[in-house]
Structures are given as C-alpha cells and as structure tokens.
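Data first, discussion second: the structure below is written as structure tokens.
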Amino acid sequence: MILTLIWACVIAFAVLAYVLLDGFDLGVGILFAVERHGEDRDVMVNSVAPVWDGNETWLVLGGGGLLAMFPLAYSVILPALYPAIIAMLLALVFRGVSFEFRFRAVTTRGRTWWDGAFVCGSTLAAFCQGLVLGGLLQGIHVEDRVYAGGWWDWLTGFTVLCGVAVVFGYALQGTCWLIWRTEGALQQRCRRHALVLAVVTLGFIVVVSLWTPMLNPVFMQRWFGWPGILLTSPVPILVALVGWVFWRGLSLRHDLTPFLCAQAWFVLCYAGLGISLWPLIVPPGITIWDAAAPPSSQAFLLVGAVVLIPTILAYTGYAYWVFRGKVRPGMHYH
Amino acid sequence: MSGADAVLVARAQFAFTIGFHIVLPAFTIGLASYLAVLEALWLATGRQVYLDVFQYWLKAFAIVFAMGVVSGVVMAYQFGTNWARFSDKAGAVVGPLMGYEVLTAFFLEAGFLGIMLFGRERVGRMVHFAATMLVAIGTLISATWILAANSWMQTPQGYTLTPDGRFVPADWWQIIFNPSFPYRLVHMVIACYLSVAFVVGAVGAYHLRRDAQSQAARLMFSMAMWMALVVAPIQVLAGDQHGLNTLRYQPAKVAALEGDWDTRPGTPLILFGMPNMEEERTDWAVEVPHLGALVLTHSWDGSIKGLKDFPPQDRPPSPVVFWAFRVMVGLGFLMAAVGLWAAYLRMGGRLYASRWLQRVALAMAPSGFIALLSGWTVTEVGRQPFTVYGVLRTADSVSPVGLPGVAGSLAGFVVVYLIVFGAGFLFLLRVVRRPPTVGESGLPPGVPIRSAGITPIVALDDGRMP
C-alpha cells in the first residue's frame, strides 16, 4: 500500500521532471520556426546543449518505471495511444540526432536540412505528448486487462486541442529559457514572443481546464462539488497570480522571472491533473492500486531508486549551477 | 490468419529495433574496456602511442555511445507498444531488472562519462583513469542487468503465477542468477570484446596499408591480433559450455539449431542442410556420424532429443536457428584462424608486412557484430514459440494492435533508423578514416555531443567552475 503510493509519487515526479526540463528544450526547437538567423540558432542550441540529454533521460525513467511498477497501466496506455507514441519516439530520435549533426554538417544545405529536422521533430514530439495527455484524460476502454478500443479512439477534438496546447506551452518555456540565458537582440525578440505565447498558452489552459471536467462526472464532482472545491479553487487562483507576476517580470525586464512563472504554470496544471485523476492511473477504471506491481517488485527496485535518484538529482542541479550565466555567440559549452 | 501475421510483424519490429540497438551497446562495452586498457598501459609505461590510440578511439566512442542512447529511448517503449500482454504479465519481473539498467546507465552518463570524454587535461591522471574504469565497469553492470532479464525469459525461475497468469517475483536471487545467466553473460561480454577487436584490427590494417611505419596503426593491429589469438578460442569454449547449458534447459532449441529430427544413439552432426518444418526432416543434410553426440554429450553413443520429440506447436522455426547458428560458429572459427595466422606471421617478424593479412582483417571488420547478431538470433528465435520459455507463449504476449498498425510503425522505424543511423555510421567512418597522429587530439571543442551527458566538467574550459 505505502510502496504503491511511494512509487506513484516517484513516477509522477519523473514525468513532471521530464515535462519541466525537456519542455523548454523542445520549446527551443519549436522556436527555430521563427528564429531563422544562423548565429542566433547556434546560441539557442548551445544554451540547451549541456543539459538536454539529461532532460530526456527522465522520459526513459518514466517509461521504464511505469513498466516495472505499474505494468498494467503501461500495457494499456501504449497500445491505446499507439500511433501517437510511435510518432513521438520517431520525432525524438530525429530531433536528438539533428541536434548534433547540424554542427557536423559539412555543407550549408546539410545544416539547413538538419535544422529542419530539429524544428519538425521538436514540434511533432511536443504535439504527440499533448495527444497522449489528452488521450489519457478522456479515458481508455479496457476489458480483461487489455486495451479493447479501436485505432483512432484517441483522436478527438479534445486530444488535438491538448496537442496544440502543449506545443504552445513548450514554446513558451523555450522562449522564457532564452530570455534568461541570452542577451541582446535575441533576448528582445524572445520577450515579445513570450507575451504572445503566454496569452495563447493561458487561453489553452482555460479551455482545457473547462473541458476536462466534462469528460468524466468524477472529474466534475471533484472540481466543482463541495467540499472538493476548497481544494481545487486555489489552483486557478494561483494560475492567475502567477500570470500577474509573469506580466510584471516581463515589463520590468527581469531575466529569470518569466521562466520561473512558465514553470509554475506547468506545475499548477500538473497539480490540477493530479486532482482530477487521483487515485486513477488510467481513467475511467484503473487505479494505482489496480495497476501496481506486487510488493516484491516494488521493494526490490526501491532500494536502487532511493540511492540513485537523489544522486542524479543532486548532480543535475549541480550541472545547471555550473552552466548558469549568459550564452554568447561563438561561446561553446566545452 | 491476420492475428498470426501481426505477431510475426511485431516480432520483426522488435528484432529490427533491438538488432539495431544491441550493436551499439556491444560496441560501447568492448570499446570502454579497450580504452581502459590503453589508458592503464599509458600510465604504466608513459609511451605516447598508447595515449594517441586512446584519444583516437575516444572520438569513435562518443559517437557510438550517443547513437546507443537514441536507440535505447525507443526500447523503453517497445515492450508496451507491441508486447502489451507480455508487459502486463511479466512486467513485475522483467521491469525492475530493466529499471536497474536504466538507473545504472543514467548514473554513468551523469557521473563519469563527461570526465572520461572531456576531462583528461582538467582533472588529475588518476582521477581520469578512475573515470574511464568506472565507465568500463558501468557498461558491464548495464549488460549484467539486461542479460539477467533476458536469461530469465529463457530459463525462468524464482516466481509464482497468479490465477490469471501474471508472474510475481518470489526470490530475486533466483531470478537474477537463473541457470542460463552466467553462461549468457560470459558469452556476450566476450562477443563484445571480440567484435571491437576486429573493428580495431581492421582500422589498424587500413592505416597500415597507407603508412606501414605508423606506430599507432601497428599498436591497434597488434593488440587486435592478440585478442583474436587468445580470446577467440576462449569464446569457442564458452560457447560450447553455453550450448550444454541450453541442451539441459532448452532442448528444443538445441534440436532446432542442430536440425535434428530423430532421437537416436550416436547423434550425427549435420554440417549443412535445410531443415524442413512441414516434412519433419532436414533436406540435403551433410552429416558427420557420432560427432553431434561427441560435442553435446561428450560420449560416442550419446543421444540428444530430436525435434519430433516435441509437439509441433512447441517447435522453434528450425531453418532460421540452424543457419544463424552456422554463421555464428563459422565466423567464430574464422576469427580464431586469423589469430593463429597472425601469431605465425608474428613469430616470423612479418606481422605488419603481410598485405594478405591486412586485406582479410579489413574484410572481417564487421565479423564480430555479424556473429553477435547471429548468436542473438539463435537464442531468441530458438526460444520460440515462447516469450517466457515454457510458460508464456509469444502469441499470448502481443498487443491488441492490428497488422496495419504494427506494419506501419515498422516501416516508420526502418526509414528513420536508416537515415539517422546511416548518417551516424558515415560520421563514424569519417572519424576512423583519418589516420591516427602523434599527439592525437581529444574530442573537438565546440561541437555538442550527446554522450557528454550533463557532466559539468565540460564547463571547466570557460573558467566558470567555482
């Protein structure tokens, strides 16, 4: 019981860490669509170069952890969202290598090609992650512990909306990251992008938040029923508050505030997601207790996780500390 | 019928993604140990050539490691997309073992890889050597976890079954140290070492052909030929022991790889032929009487079970296993022969002079990897028609995803992998085509590489270190 709870928290944390960390570096890739100047692109890529691989590893930890600790959830979610998952993986593969190969390309044409792969891969990966989120929220049809729906069950207006929302949300993350880590004309443009992206992202947050309770009466009861509303009402209030801090930070030309606010929005949305789902892991019917691996598995892997995850976290924090400061043109990270 | 086809395509997809992936960690495992040996020799002797060769292969290592990370991300999701029922039933056993592999790899990337790749001039010699050693040991630990998971699927034990057919781990010690695990681990690690030895040997031969005096090329070639002489025969012995273990626990696999249908005293060894699953015989068989009994039972009149002793629905597809086994064994003996030939030339002082040996070494560059993939084909196809041997059938392991979906995603993987890993392979060729030089430089600065991980050591250059 307690082990299941611990593991649910660990995996929820891994997914959140992934969204917060890889979110901004996917966002930097998405921004390639509007930032076309070669030198700016080099700066953008160099700003995430030392950290992006570590960011993406949380995705492996989340996926591997789900298989080991909640095998039922893993075995139901992936077939149900099959095309979206496969497309996301292929996009991430493409994006990952184009990241490195753009520096090694011998010709301008080669570099343009890899840059194109970088922006397309980043955008598609973000879009697919939104599809997966939406597909999970709207529920998965399961019979006898096996996905029992069709091919395109996941493809609805809601999932597409979630997909587009995540693309804009990640782009906002990326922009705010660049405000923090760059300077000069690029930083100026990012401030302008950030304002537009923040308005659009907030709009999506509102629409998705209002739509979600309509998907499932349980969600509706949770959000608007009494006394649940005592727990849920702070979430939208905090979102608005963060919006005000964001606006102030942007107009006062703070470097770091917008990024922290963008991250805070994601944390709040994630908390809202948790409020809706708890204790479900796959709506409408599978709870974390249903999906949990036996205690012998949970205890076995926990030993390693207790030692290694804090070490990895400390190390990641240290790496971010070392790489703090502005990234300038022509400056390499090693 | 479409269900059976979907299973086949799902198997093809797994074979394709894992086959692409396994080559990269195998390369990393072998190369990491080779780099550790080179650095140890440099520290012990102070000879520049060891450092040059170390720096030369470090660049290849960075590229191969990066590609391995990319294909590894896909593997974390393959079990769920195409093998959902397997994941649900066996996830509680196989998942934690793979979880440990992920954590080990993660830790390794975070901690020591960056120091190994970029830190040589920034940390002390011994610290750097310690990092190289830890990377080498870490790759072996990773391999241990994955092979424990795979071996458990071959020879499962230490579990109980729930009424609905899910595996519940009862004794982790028994699960990890299952009967086939030690043999598979030894056989695989040696295979990694041999594969890399033949790549290094081929690169050495390539540069010797252009500059016979190159010290670095001579060192690579010489070390590779020593490996072929000493390790290839050890691998033959390890393979023999592994085979005996398989005979004990998975007799149907052995019958399939031997192409043997009948149980009879003094089992012959079929050298070549074409197993025929429908007619239950091996066509055009070329046999050596009693040799099969000698090899597998170490007695003249011993017998092994033929395929007919197993119900038709429990038989692995013999033709694939039979031929993959022959490719593996043939290449293994060929490698040992190259080692002997090189030793003979070395005694006559002509190791670096023989053009023919260089040509053969060059042609055998991929031999280790081909043998390794063939070996995995034997062990995985030979486990069929089960995923968890004897307990969970492959047909009961697949996802409820129809043929078009599995085929479509397979096509996607093929296209993307060929572009991405094709490009990676070209970059690798570019690195090894350049001759090694005296005072070989390390990795080029200013070019991001994924294998740098998140190691802050790389920031030392900018004087930004606290």
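The values are calculated or read from the model by the stated rules, or taken from the named source; none is laboratory data. Please read all numbers here as calculations on a predicted model, not as lab measurements. Note: ideal-geometry Cβ built from the backbone for every residue, glycine included; neighbour counts use all protein chains shown.
Here are the numbers for this structure:
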read-out: Selection within segment A:140-152 - in a loop (DSSP other than H, G, I, E, B) and touching a Ser or Thr at 6+ places or on another chain (Cβ under 8 Å); value: A:R145
read-out: Residues within segment B:31-55 that are over 12 Å from B:L219 (Cα atoms), in a helix (DSSP H, G or I) and of a type outside the set (A, V, I, L, M, F, W, C), tallied; value: 5
read-out: Positions within segment B:301-328 being in contact (Cβ under 8 Å) with a residue 40 or more places away in the chain and charged (D, E, K, R), in sequence order; value: B:K305, B:K308, B:D309, B:D314, B:R315, B:R326
read-out: Qualifying positions in segment B:83-114 - among the aromatic types (F, W, Y) and more than 7 Å from chain A (Cβ to nearest Cβ); value: B:W83, B:F86, B:F112
read-out: Test result for B:S214, within 30 Å of B:E39 (Cα to Cα), in contact with a His (Cβ under 9 Å, 6 or more places away or on another chain), surrounded by 16 or more Cβ atoms within 10 Å (Cβ to Cβ) and of a type in the set (S, T, N, Q); value: yes
read-out: Of the criteria (1) assigned to a helix (DSSP H, G or I); (2) buried (at least 19 other Cβ atoms within 10 Å of the Cβ), which one B:I370 fails; value: (2)
read-out: Filter pass, B:T162 being within 14 Å of another protein chain (Cβ to nearest Cβ) and over 27 Å from A:F94 (Cα atoms); value: yes
read-out: Residue in segment B:241-256 that is modelled with pLDDT of 95 or more, among the basic types (K, R) and closer than 30 Å to B:L296 by Cβ present; value: no
read-out: Matching option when the condition is facing chain B (nearest Cβ under 7 Å), assigned to a helix (DSSP H, G or I) and free of Cβ contacts under 8 Å to residues at least 60 places away in the same chain, among A:L89, A:L72, A:L131; value: A:L89
read-out: Close pairs from segment B:160-178: first loosely packed, with under 12 Cβ neighbours inside 10 Å, partner hydroxyl-bearing (S, T, Y), Cβ under 7 Å, at least 6 apart; value: none
read-out: Residue count for segment A:103-112, restricted to those that are within 9 Å of chain B (Cβ to nearest Cβ) and of a type outside the set (F, W, Y); value: 1
read-out: Boolean, A:W321 is assigned to a helix (DSSP H, G or I) and more than 10 Å from chain B (Cβ to nearest Cβ); value: no
read-out: Number of the exception - A:N46 against (1) in a loop (DSSP other than H, G, I, E, B); (2) out of contact with any helix residue (DSSP H, G or I) (no Cβ under 8 Å at 6 or more places or on another chain); value: (1)
read-out: Members of segment B:33-79 that are touching a residue at least 60 places away in the same chain (Cβ under 8 Å), within 12 Å of chain A (Cβ to nearest Cβ) and either within 16 Å of A:L66 (Cβ to Cβ) or of a type outside the set (A, V, I, L, M) (or both); value: B:K59, B:F65, B:S71, B:V74, B:Q78
read-out: Test: residue in segment A:243-253 that is crowded, with 17+ Cβ neighbours inside 10 Å and within 14 Å of another protein chain (Cβ to nearest Cβ); value: no
read-out: Test for B:A197: is it part of a helix (DSSP H, G or I), crowded, with 24+ Cβ neighbours inside 10 Å, at pLDDT 95 or above and not β-branched (V, I, T); value: yes
read-out: Residue count for segment B:382-416, restricted to those that are within 21 Å of the chain's Cα centre (by Cα) and at the interface with another protein chain (Cβ under 8 Å from one of its Cβ atoms); value: 1
read-out: Criterion violated by A:I281 - all others in (1) more than 9 Å from chain B (Cβ to nearest Cβ); (2) assigned to a helix (DSSP H, G or I); (3) under 25 Å from the mean Cα position of the chain (by Cα) satisfied; value: (2)
